[in-house]
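Taking it in order: structure first as structure tokens, then the write-up.
The values are calculated or read from the model by the stated rules, or taken from the named source; none is laboratory data. Since the structure is predicted, the reported quantities are computational estimates derived from the model, not experimental observations. Here the Cβ positions follow ideal geometry from the backbone for every residue, glycine too, while neighbour counts run over all protein chains shown.
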Amino acid sequence: MITTLAAYFQYPFVRYAFLVGILIALCSALMGVTLVLKRFSFIGDGLSHVAFGAIAVASVLDIGNEMLFVLPVTVLCAILLLRTGQSAKIKGDAAIAMLSVGALAVGYLLMHLFSTSSNLAGDVCSTLFGSTSILTLTKTEVTLCVVLSAAVVGLFILFYHKIFAVTFDETFARATGIQAGAYNLIIAVIIAVIIVLAMNLVGSLLISALVVFPALSAMRIFRSFLSVTVWAAVISVVCAASGILISILSGTPVGSTIVAVNILAFGLCSLLGRLARR
Amino acid sequence: MLQLICHNLTLGYDGQSVVRGLSFTVSEGDYLCIVGENGSGKSTLMKAVLGLLPPMEGTIAYGEGLSRGQIGYLPQQTLVQKDFPASVWEIVLSGFEGRRKFRPFHTAEEKAAARKNLERLGLAGFEKRCYRDLSGGQQQRVLLARALCATEKILVLDEPVTGLDPVVTAELYELISDLNQKYGVTIVMISHDLEAAVGRASHILHIGEDIFFGSRQAFLQSPCSRRLFREGGRA
Ligand SMILES: Nc1ncnc2c1ncn2[C@@H]1O[C@H](COP(=O)(O)OP(=O)(O)O)[C@@H](O)[C@H]1O
Ligand SMILES: [Mg+2]
């Protein structure tokens with residue numbers, strides 16, 4: 001088994017996939033804690049569908065580097081969703097449902113109408129569930145992913161205490177002069193970036209799992225914001241790494257394997273949490 | 001020295017007014033109690049004072065050395081989720097965020113001040129405890145310590161004893177009086193409990209049908225207070 005793995009790791013694309021997978025897992029877990037606690041996880045879900053629609057449009061327009069189109073569109077939608085979510089008059093969740101289902105339907109329609117690919121169903125399936133795409137990353141995509149992940153981690157550390165304050169009690173934060181709106185915006189933009197990055201790894205339908213599961217697992221056991229954040233990151237990285245290895249060895253789809261490992265980890269953490277509370 | 005001057009305020013939501021024609025002032029070291037029926041607009045007034053809700057009419061001015069972001073605040077109900085993972089220490093330190101601007105780490109002075117505030121509220125040794133495992137009274141004291149980290153000048157408390165048992169309620173009132181008398185922190189407290197409020201406050205603001213603002217003595221002699229006490233002591 002080790003020799004098989006060693007053989008695989010001689011190929012640069014496998015090493016790239018591994019590196020990208022771990023970085024994405026790290027970023028999504030860091031933001032996942034805030035997302036879950038702020039009840040923003042549905043925004044992540046909505047945005048992943050938007051990203052799917054954007055990819056469809058990009059492929060129809062035949063844009064060379066899809067990420068350069070998908071990223072700004074998703075960031076824009078993140079800002080829009082946050083705005084509507086905060087206005088009391090328009091129900092935020094309805095707006096998100098509209099946007100996400102709409103993007104999904106229109107995206108598929110466009111792909112159906114204009115795609116020149118002979119394997120449309122396969123294309124759609126891989127965009128939704130992730131597939132071998134992570135193994136075909138170009139060097140530019142890997143570089144972009146490394147730079148963006150570094151930016152996400154950097155921003156998170158820089159604003160860690162502010163993010164905690166805004167997450168724990170937004171009203172108090174506002175009352176004491178924190179620009180809560182600006183931090184919500186930063187959070188939304190970071191989420192959008194993570195979702196676009198994670199599309200490559202697990203596909204758009206499974207992104208939410210990557211964001212939500214590590215945070216929920218860590219919350220079963222740990223009881224301070226810092227420890228939950230750190231352990232969510234650790235759990236997420238371990239799950240992503242083992243998921244990628246398993247999928248290489250057994251030929252299962254990368255995305256769903258990673259999610260399956262995350263589900264296992266969640267079960268384990270719930271069990272440990274219960275035992276510890278006894 | 002005047003810290004807060006509210007003049008002819010009309011407050012409300014979406015063009016519907018809740019409170020009309022409200023004027024009052026708060027000076028340094030005052031203990032102002034705001035009383036009034038449920039739904040009379042006490043929490044609304046608080047939001048306006050904190051700058052979270054723009055007044056429909058009238059003005060709110062802050063005195064010298066006080067600006068909008070320098071008011072410590074204890075919300076009516078902190079809508080913290082039951083399972084939010086946060087230690088006492090993390091919550092108390094978060095009181096500094098408003099004034100810290102862009103420095104990513106806490107200074108030694110801030111940590112010392114946080115520790116002092118925990119001590120003042122009888123929470124020394126609670127730093128590592130998880131917020132959600134504390135009793136209601138302890139949780140309120142943690143939030144008070146956080147508010148003190150945000151400012152030493154003026155604390156705004158919205159029904160801080162809701163849901164606490166009588167013993168813990170008395171303790172919390174005692175602590176708040178202490179902050180006011182020993183440390184000179186101005187207190188603006190919304191209260192449901194007329195007797196407790198009148199017992200400790202230096203000034204009373206009653207909002208509702210009849211608006212009253214004045215010192216405690218003036219309030220006790222006013223027709224407003226006689227009517228309220230006749231109705232059973234609950235404002
Ligand atoms: N966010 C809001 N939007 C619209 N109306 C509100 C809002 N918050 C409170 N109100 C209304 O304003 C009135 C005063 O509420 P509030 O200030 O909470 O009263 P109190 O704190 O004195 O019990 C109530 O009639 C309430 O329904
Ligand atoms: Mg109220």
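Laid out as a table, the results:
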quantity: Residue B:76 away from ligand 1 (no atom under 12 Å from the Cβ), among the polar types (S, T, N, Q) and either within 13 Å of chain A (Cβ to nearest Cβ) or under 22 Å from residue B:151 (Cα atoms) (or both); calculated: no
quantity: Of the criteria (1) at the interface with another protein chain (Cβ under 9 Å from one of its Cβ atoms); (2) assigned to a loop (DSSP other than H, G, I, E, B), which one residue B:123 fails; calculated: (1)
quantity: Pair list, Cβ < 7 Å and 6+ apart or interchain, from region B:31-57 residues that are more than 9 Å from ligand 1 (Cβ to nearest atom) to residues that are of a type in the set (Phe, Trp, Tyr); calculated: B:50/B:73
quantity: In region A:26-80, the residues that are more than 21 Å from residue A:183 (Cβ to Cβ), outside any helix (DSSP H, G or I) and among the charged types (D, E, K, R); calculated: A:62
quantity: Subset of region B:13-51 [within 16 Å of ligand 2 (Cβ to nearest atom) and surrounded by fewer than 17 Cβ atoms within 10 Å (Cβ to Cβ)]; calculated: B:13, B:37, B:38, B:39
quantity: Test set (1) at pLDDT 90 or above; (2) over 30 Å from residue B:147 (Cα atoms); (3) surrounded by fewer than 22 Cβ atoms within 10 Å (Cβ to Cβ) - residue A:276 fails condition number; calculated: (1)
quantity: So residue A:204, is it of a type outside the set (Phe, Trp, Tyr) and within 30 Å of residue A:1 (Cβ to Cβ); calculated: no
quantity: Residue B:64, sole failed condition from (1) farther than 20 Å from residue B:173 by Cβ; (2) within 14 Å of chain A (Cβ to nearest Cβ); calculated: (2)
quantity: Residues that are within 22 Å of residue B:91 (Cβ to Cβ), aliphatic (A, V, I, L, M) and within 16 Å of ligand 2 (Cβ to nearest atom), drawn from region B:52-77; calculated: B:52, B:74
quantity: Lone unmet requirement of (1) small (Gly, Ala, Ser); (2) within 11 Å of another protein chain (Cβ to nearest Cβ); (3) under 29 Å from residue B:45 (Cβ atoms) for residue B:87; calculated: (3)
quantity: Unique residue being touching a Gly at 6+ places or on another chain (Cβ under 7 Å) and exposed (fewer than 13 other Cβ atoms within 10 Å of the Cβ) when the list is B:231, B:119, B:195, B:209; calculated: B:195
quantity: Residues being farther than 13 Å from residue B:34 by Cα and surrounded by fewer than 15 Cβ atoms within 10 Å (Cβ to Cβ) - total across region B:212-228; calculated: 7
quantity: Residue check for residue B:100: more than 17 Å from the chain's Cα centre (by Cα) and either within 16 Å of ligand 2 (Cβ to nearest atom) or at pLDDT below 90 (or both); calculated: yes
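So that you can scan it fast, the table gives a plain yes or no per residue for (1) within 30 Å of residue B:130 (Cα to Cα); (2) in contact with a Lys or Arg (Cβ under 7 Å, 6 or more places away or on another chain); (3) of a type in the set (D, E, K, R):
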position: B:13; (1), (2), (3): no, no, no
position: B:28; (1), (2), (3): no, no, yes
position: B:39; (1), (2), (3): no, no, no
position: B:51; (1), (2), (3): no, yes, no
position: B:71; (1), (2), (3): yes, no, no
position: B:91; (1), (2), (3): yes, yes, no
position: B:96; (1), (2), (3): yes, no, no
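Conditions (1) within 14 Å of chain B (Cβ to nearest Cβ); (2) over 30 Å from residue B:47 (Cα atoms), marked per residue:
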residue: A:183; (1), (2): yes, no
residue: A:187; (1), (2): no, no
residue: A:195; (1), (2): no, yes
residue: A:204; (1), (2): no, yes
residue: A:211; (1), (2): no, yes
residue: A:214; (1), (2): yes, yes
residue: A:220; (1), (2): yes, yes
residue: A:224; (1), (2): yes, no
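Residues are listed down the side, and each one gets a yes or a no for (1) within 14 Å of the chain's Cα centre (by Cα); (2) at positive phi; (3) at pLDDT below 90:
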| position | (1), (2), (3) |
| --- | --- |
| A:209 | yes, no, yes |
| A:213 | yes, no, no |
| A:217 | no, no, no |
| A:222 | no, no, no |
| A:228 | no, no, no |
| A:234 | no, no, no |
| A:243 | no, no, no |
| A:250 | no, no, yes |
| A:255 | yes, no, yes |
